Structures are given as C-alpha cells and as structure tokens.
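K.L.:
Below is a structure I'd like to ask you about.
The values are calculated or read from the model by the stated rules, or taken from the named source; none is laboratory data. Quick caveat: nothing in here was measured; it's all calculated off a predicted structure. Glycine also receives a Cβ, built like all others from the backbone with ideal geometry; neighbour counts cover every protein chain displayed. Accessible surface areas use protein heavy atoms only, side chains included; no ligands, DNA or RNA. Shrake-Rupley method; radii C 1.70, N 1.55, O 1.52, S 1.80 Å.
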Amino acid sequence: MKLRSIFLLMGIIVSNMAIAQEPLYPFTFFTNSSMAGDHFFSAVQVNTPSKIYSIRGRLPVNSAYAHTAGNSLQLEYNSDPSGNWTADIFKPEIRGQDFFITAKYLSLWIMNNSVELSGHNFPVCRLIKKDSSYSNPVKITRTKWSKWKQVIIPIEKFNVNAADIIGISFSQNPGSIGKQSLYIDDIEFLGDLNEAAFPKPVISKLKGYSKHIDIEWPVITDSNIRYVKIYRYFDKIRLSAVRIQDAWSNRYSDYTEGTGREYTYRIAYVDKMFNESKKSEPVSAATQQLDDDAFLDMIQEASFRYYWDGAEKVSGLAKENIPGRRNMVASGASGFGIMALLVGTERKFITRQESIDRFLKITSFLERTEKFHGAFSHFIDGPSAKVETFFGKRDNGGDLVETSFLIQGLLAAKAYFNKEDENEKKIREAITRIWHDVEWDWYRRYPDNKYLLWHWSPDQEWVIDHKLVGWNETMVTYLLAIASPTHAVPATMYYSGWASQDVFAQEYRKGWGQTSNGSMYTNGNKYFGIKLDIGVSNGGPLFFTHYSYLGYDPKQVNDKYTNYFTNNQNIANINLRYCIKNPGGYKGYSDSAWGLTASDGPFNYSADEPVPQQDRGKIAPTGAISSFPYTPGASMRALKNYYNNYGHFLWGEYGFKDAFNLSQNWCSALYMGLNQAPMVVMIENYRTELIWKLFMSNPEIKEGLKKIQDLNTP
Ligand code: CA
C-alpha cells in the first residue's frame, strides 16, 4: 500500500516524461474558491507596521464582489514605508493536469473598492518559481473605482520561464503609504488574446433532482471559447450568474439548496478576454422531494456518469481522475467502472443497446491493448492502446493487481450480457479470451515462489519486486489467480502468499508503519469493543473492504480465520467508531461524516486509516458510501449529510468530489476513477446484490473459492 502512495506522488514528479500528445489545459491560478472563508491555496506575510487582512494566514474569499460568480480574493491592506506585506496565491496542483497552453500573458481582473485615489499605493506583482524564489516585480497601475478591470501583462516583463511558475504574489509597492481595498479574480496565463466568434448557445438537457439541477450543453470544440457562464433566474425577471464552467466540460450541476422548486436557466459562452455571447433560450426544471430509493438512484446515476460520458474517448474506459489526463485509461478504475456501467444499464440510466455498443468498444479496445503475459499495464494511452508510464519508467509493463480489478469487472459483464444476441455473444467471447490470456502463473516468477508479484516489465523484468501480501486491496488478485481455468496458481498460495505468516510477510506488514497488530495476518484484538479476526493495524483504510468485494460476494468468501463479510463489517464499524471518537479533534467528524480511506488530499493523495498517525482530517465520501452493504444505516446518514449539508461545495457533475478537509477548509477539485464506481456498485450490492450475483455466477469463481476452502478440511 505504501508503494501505491509513493507511486502516486512520483506520478506528479515524473509526469513530464510522458510522450503522449494530451490536449492542453489552461493555466489558472484562481477563478473561484470552492470554500468560503479563507483561500486554501494562499499565504499571507506581513511586517508591521504594514497590515493586511487575512484569515488564518490566508487571503479572505469574498462572495459579495466577484468578477466571475461565486467569489474573488480580497486584498485589503495598509501599507507603511517601514513595513511590508505579501500575499502569495498558488496554482492548485491537480493530478494529471500536466499539459498546459504555452503562456504568453498573465491576465487578472481587479476591482478597486477604495475611496483612496492615490495610484502609487497599488501593489506590485511577481511570479513565484518552483524553487520558491520570486520573479522581477511588475507594478500594477491604478484602476477606476468600483469597476472590474482586466490587467494583462506579457510574461517577458517578469523575465521568467513560464513552465517554472507555481504561483503569483502581490506585495507592497516599496515606499507606498495608506489603505487600499482590492478584489482580485480570474488570474491565469493566456497563450494568446484571441476573441471568439460565438455560435448561439443552447441548453441541451436540464434535469432536477433533490436539491440540484443538472445542465448540459453540446460539446464545445472552439478553443477560443474559454468558459460557459450559467445564469439562473432568481425571480420572474431578474437573472444572475451562478457560476462559470470550463468549456472543456459540457455539463454543470447547480446545487440550489431548495427542494420542490422550479428553476429557470440560460447559458452564455465566454472567451479568454471575457467577451460574452448572447444568452441561450431559457429552460426550466424543478427540484423534487425524493424518497430514499430515488435518492440512492440519484447518487448512483451521478457517479455512473463518470464512466459513461466522462470516459476516455477511444476506449470508452475510465480515466484516472477528472479533471486530469484526458487520453489516459486507468485499468483498475476501468474494471470498477465496467461494473458501474452494468448498474447504470440495469437502472436504465442508459438503454441495453447503448450499453452493448459501449461494451463492444471496450472489449475490442482491450483485445488490441498492449499486454504483458496477458496482464494489463496500470495506465494505457487511449489513442495508441499502449502502456503509459504515468508512475515512472520502471512501471512500463504488467500490473497484476490492476489487471485483477479489470478482470473482476469483465467477468461481471460476461454474466450480464447473457442473451443469444450476436453482439452479446461477441462481448462474452471477447471477455473469455481476455480472462483466459492472463498468465497469473507467470507473475509467480519462480515455480515454487510463495508469493505473486505485483509488476513485470518487458525490459527490466522484476525490478520493482513487490510481493503481494495481505491484508490489503489485493485479495482479488489471489482469488482470481487461483480461479483461472488456463493459468492458475495453486490454491495453497492463498495461505503461503496472501495470508502468509512467514517472517518476510510479518515484517512487510509491520513495515506499513502503524502497529505490529495483524502482522501475522490474523489479528484477534478488540478495537472499540469490536473483535477483529484479520487485518493489519485496526483494519486499514476502508478501500481494503471495497476493491476486492465489488464482484466477490464477501458473504461467500471464507478461510480458516474468518468470513469476509463479517470481517469487513467489523472494519467499517471500527472506522465509524474511530471517527465518532475523533482523537485528532478534526472539524466535521461525526456519526454522519466518517470513513477514512485512500483519496486526494490537500497536500497529496494519501491512504488514511483510523489511527492517529494516518488520520489527516480528510474525509472521502467513498469511504462511508462504498461501505453500504456493511453499515447501511451509518452509510445512509453520511450520504445525506454530505449531500444536504455540504452539497454546495462537495456536489458536482459526477456526484461527490473526491474528498474534503474542513479543518484545512479544503475540498478536492476532482473526481477519482477508483472512488466513484465503488459507490455505485456497493449501493447496488446493498440494494439488490446485482453485481455480486453476476460475478459469482461465473462457475470458475465458485470453484476457485472451493479450492481454498477444501484446504481447511483435513
Ligand atoms: Ca471568481
């Protein structure tokens, strides 16, 4: 597990090495803060007697004055010639957003809200480099009172390499004196100052749910259109902008706060210079009172959409995160996404025919994808169907764990498409070939090896040398390797590898850095009065109880130590009790905000656990929601709390954002492929056991489990 987190960090560092031609993102320092109060990505410093208004050492977010709805940054200071103040604003780092437009200009919008008219008290602006040093200062000239004004500065004036820039800094103009109150918004680099010739905007779909309205428009291909501006009528006549959405997206989810109310919308296109098109025709939809069933449908549909219309274009499979790399397929997340697509088909979010068309595309892509002894790489470049080394040069081959997540999804799909129809047959046959081609036994490395290995590289072979040892997310890898009808490993590897009690395995488990509890695989301790049969530490992050059991029905997974439904349920309850106790004193934790697991975080991706040293104050909605079959009451409470009380920052186009940390006043900007689908699938397993039934109906799966259970009877 540790390796996974290290790799995820490495991904950010080494990503520039990728060769794939990704579409370019705009380079934006600030448009809107998702949270009110203070702006997480800012830092303020002051030397008295100068003063600057700050909250917890950060710049205040202001929603009363905004160039783009909903907010701007407030820069309110009192300069003194013998003091100084500085306000740094950092570009939020987003995983996989690593290909940007070539920057030529800095563009920002300023509103001067001071009655003070002296021009010299305007700040100087510098750019912040990766090594934390500052560029040349450039003076910002005075703008008219109470009017938003665009300031454009050619990058060459700062004398920097734009690719080195991580932030922008405002500071006291040396020698200046007096108070000033400014608002700053929409800070970004521009590649050109082109204006757009706007087509007439159209709202193509509008649908109301409990408290939000989903708005869709046709995909925008004109690169001169920068944003889509969403307007909502707040009475019969008056219209106000609610938000802008990046034009690379074709949807926005407007969280309205109101249930059982009709809302009317119009949209407009906006270019880089913030010229605005005519508005679309108004369209109305109503939010509605939903019972628990319809509420669960709503949550499932939103996250299903990540894998449906958020998919990578060539393959129809899942991206690592959105926003993020747009040409890159994440194979494990795709396995989870495949199961979410099945749920979406069964719940009629799409038709069976649409689903068949998608699965024909998926299976034909997977058959031509570059494979390594039948195993898929962690990441695949969509257009070329070749390995993508997003986690670094060593990870350029097969990843057996990601492959097992993918196969788990495919076997559920094989059971779902069971009709005598030509296309359904084609899907089943392709899945059978892909499943039969995986050489699980190759990943044992030596004929008598006790462990399966995580990776193999065609030129560096076993260089990563990561042996698979439980308890973690890799149980499904052993179960499938044992169940394979073509390249099986012996069932004894379940106990010699996954559940090994050898010194190597004990040291490996201790090496995760928490406690030695569970280092024998078996645990036996009580936590919060709950006895834990197996599991490292006090159970580990919750995704251990999700990834392997989206398809594998844990009620049917038994070994000589425990039943995995009961054990997973205990792990979920320990996590819940820990969050209620909240030893770290983190803001927001309760019996309806809980579930520590792996997710995006304020500083980086991390796998959080219910022990103080692995608890960072961060809650990922997938933690509690994907635990639905284990803890239905507490999962439902969390789901309603997240939607009803945090929806204004946590809800978006693909359901819940990945994570939030109220102690840091931070909410993730992204959705993750590994975290959205488990919510869809586990809610469904709670409701109908659909995916469990489908996956378990493959005859070789039950036979594989029986082989392990036969070892227990002498
Ligand atoms: Ca704004």
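K.L.:
Output the number of the condition that Ala311 fails; it satisfies all remaining conditions of (1) closer than 22 Å to Trp435 by Cβ; (2) touching a Phe, Trp or Tyr at 6+ places or on another chain (Cβ under 7 Å); (3) of a type in the set (A, V, I, L, M, F, W, C).
P.N.:
Condition (2) is where Ala311 drops out.
K.L.:
Follow-up. Do we have His39 as within 15 Å of the ligand (Cβ to nearest atom) and in contact with a Pro (Cβ under 8 Å, 6 or more places away or on another chain) here?
P.N.:
Yes: the conditions hold for His39.
K.L.:
Tell me which residues, restricted to the range 33-66, are open to solvent by 40 Å² or more (accessible area, probe 1.4 Å), touching a residue at least 12 places away in the same chain (Cβ under 8 Å) and not β-branched (Val, Ile, Thr).
P.N.:
If the condition is that a residue be open to solvent by 40 Å² or more (accessible area, probe 1.4 Å), touching a residue at least 12 places away in the same chain (Cβ under 8 Å) and not β-branched (Val, Ile, Thr), then Ser34, Ala36, Phe41, Gln45, Asn47, Pro49, Lys51, Tyr53, Ser54, Arg56, Ser63, Tyr65 are the ones that fit.
K.L.:
Only one of Asn563, Asn558, Asn525 is surrounded by fewer than 18 Cβ atoms within 10 Å (Cβ to Cβ) and farther than 26 Å from Leu674 by Cα. Can you tell me which?
P.N.:
After applying the criteria, what remains is Asn525.
K.L.:
For the range 665-714, enumerate the residues that are open to solvent by 30 Å² or more (accessible area, probe 1.4 Å) and of a type in the set (Val, Ile, Thr).
P.N.:
Those that are open to solvent by 30 Å² or more (accessible area, probe 1.4 Å) and of a type in the set (Val, Ile, Thr): Thr688, Thr713.
K.L.:
So, Arg445, is that one free of Cβ contacts under 8 Å to residues at least 40 places away in the same chain and in contact with a helix residue (DSSP H, G or I) (Cβ under 6 Å, 6 or more places away or on another chain) or not?
P.N.:
no
K.L.:
Moving on. Would you check if Ala638 is surrounded by 24 or more Cβ atoms within 10 Å (Cβ to Cβ) and touching a helix residue (DSSP H, G or I) at 6+ places or on another chain (Cβ under 9 Å)?
P.N.:
yes
K.L.:
Answer with yes or no whether Ala333 is crowded, with 21+ Cβ neighbours inside 10 Å, assigned by TED's automatic domain parsing to the domain that holds Val387 and outside any loop (DSSP other than H, G, I, E, B).
P.N.:
Judged against the criteria, Ala333 is a match.
K.L.:
Another question, then. Can you spot a residue in the range 364-371 that is outside any loop (DSSP other than H, G, I, E, B), in contact (Cβ under 8 Å) with a residue 40 or more places away in the chain, surrounded by 18 or more Cβ atoms within 10 Å (Cβ to Cβ) and not aromatic (Phe, Trp, Tyr)?
P.N.:
Among the residues of the range 364-371, at least one is outside any loop (DSSP other than H, G, I, E, B), in contact (Cβ under 8 Å) with a residue 40 or more places away in the chain, surrounded by 18 or more Cβ atoms within 10 Å (Cβ to Cβ) and not aromatic (Phe, Trp, Tyr), which makes the answer yes.
K.L.:
Among the residues of the range 343-359, which ones are open to solvent by 70 Å² or more (accessible area, probe 1.4 Å) and in a helix (DSSP H, G or I)?
P.N.:
Listed by number, the residues that qualify are Glu346, Gln353, Glu354, Asp357.
For every residue, the table says whether it meets (1) of a type in the set (A, V, I, L, M, F, W, C); (2) open to solvent by less than 20 Å² (accessible area, probe 1.4 Å).
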| site | (1), (2) |
| --- | --- |
| Val219 | yes, no |
| Ser223 | no, no |
| Val228 | yes, yes |
| Tyr231 | no, no |
| Arg243 | no, no |
| Ser253 | no, yes |
| Glu257 | no, no |
| Tyr265 | no, yes |
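K.L.:
Is it the case that some residue within the range 167-189 is within 16 Å of the ligand (Cβ to nearest atom), farther than 22 Å from Ser277 by Cβ and not hydrophobic (A, V, I, L, M, F, W, C)?
P.N.:
So far as the range 167-189 goes, yes, one or more of its residues are within 16 Å of the ligand (Cβ to nearest atom), farther than 22 Å from Ser277 by Cβ and not hydrophobic (A, V, I, L, M, F, W, C).
K.L.:
Asn665 versus (1) within 23 Å of Arg305 (Cα to Cα); (2) touching a strand residue (DSSP E or B) at 6+ places or on another chain (Cβ under 8 Å): which is the lone unmet condition?
P.N.:
(1)
K.L.:
Can you name every residue in the range 67-87 that is part of a loop (DSSP other than H, G, I, E, B), touching an Asp or Glu at 6+ places or on another chain (Cβ under 6 Å) and not β-branched (Val, Ile, Thr)?
P.N.:
Within the range 67-87, His67 is the sole residue that qualifies.
K.L.:
Does the range 156-192 hold any residues that are β-branched (Val, Ile, Thr) and modelled with pLDDT of 95 or more, and which are they?
P.N.:
Residues satisfying the conditions are Val160, Ile165, Ile166, Ile168, Ile184, Ile187.
K.L.:
So if I check each of Asn136, Asn161, Asn113, which one is open to solvent by 40 Å² or more (accessible area, probe 1.4 Å), closer than 18 Å to Ile101 by Cα and in the same structural domain as Pro23 (by TED's automatic domain parsing)?
P.N.:
Asn161
K.L.:
What tally of residues in the range 72-87 results from selecting those that are open to solvent by 10 Å² or more (accessible area, probe 1.4 Å) and either within 14 Å of the ligand (Cβ to nearest atom) or within 23 Å of Asp131 (Cβ to Cβ) (or both)?
P.N.:
Matching residues across the range 72-87 total 3.
K.L.:
From the list Ser384, Ser404, which one is hydroxyl-bearing (Ser, Thr, Tyr), open to solvent by 40 Å² or more (accessible area, probe 1.4 Å) and touching a residue at least 24 places away in the same chain (Cβ under 8 Å)?
P.N.:
Ser384
K.L.:
Right, here's the next one. Among the residues of the range 412-427, write down those that are open to solvent by less than 20 Å² (accessible area, probe 1.4 Å) and either outside any helix (DSSP H, G or I) or within 18 Å of Thr369 (Cα to Cα) (or both).
P.N.:
Phe417, Ile427
K.L.:
Identify, by number, the condition in (1) in contact with a strand residue (DSSP E or B) (Cβ under 7 Å, 6 or more places away or on another chain); (2) part of a loop (DSSP other than H, G, I, E, B); (3) more than 26 Å from Leu341 (Cβ to Cβ) that Pro610 doesn't meet.
P.N.:
Of the numbered conditions (1) in contact with a strand residue (DSSP E or B) (Cβ under 7 Å, 6 or more places away or on another chain); (2) part of a loop (DSSP other than H, G, I, E, B); (3) more than 26 Å from Leu341 (Cβ to Cβ), the odd one out for Pro610 is (1).
K.L.:
Restricting to the range 43-66, name every residue that is within 16 Å of the ligand (Cβ to nearest atom) and among the hydroxyl-bearing types (Ser, Thr, Tyr).
P.N.:
Selection gives Ser63, Tyr65.
K.L.:
Can you pull out every residue in the range 681-695 that is in contact with a Leu (Cβ under 9 Å, 6 or more places away or on another chain) and of a type outside the set (Ser, Thr, Tyr)?
P.N.:
Val681, Met682, Ile683, Glu684, Asn685, Arg687, Leu690, Ile691, Trp692, Leu694, Phe695
K.L.:
Here is a further query. Among (1) farther than 21 Å from Gly540 by Cβ; (2) assigned to a helix (DSSP H, G or I); (3) not aliphatic (A, V, I, L, M), which single condition is Thr477 missing?
P.N.:
(1)
K.L.:
Which residue, of Ala624, Ala598, Ala634, is more than 19 Å from Leu296 (Cβ to Cβ) and of a type in the set (A, V, I, L, M)?
P.N.:
None of the other options fit; the residue is Ala598.
K.L.:
Taking the options Ala103, Ala69, name whichever one is within 16 Å of the ligand (Cβ to nearest atom), assigned by TED's automatic domain parsing to the domain that holds Ile140 and either within 26 Å of Ser132 (Cβ to Cβ) or aliphatic (A, V, I, L, M) (or both).
P.N.:
Answer to the selection: Ala69.
K.L.:
Name the single residue, out of those in the range 164-184 being within 19 Å of Tyr25 (Cβ to Cβ) and touching a residue at least 40 places away in the same chain (Cβ under 8 Å), that is most open to solvent (accessible area, probe 1.4 Å).
P.N.:
Once the filter is applied, the top-ranked residue is Ile166.
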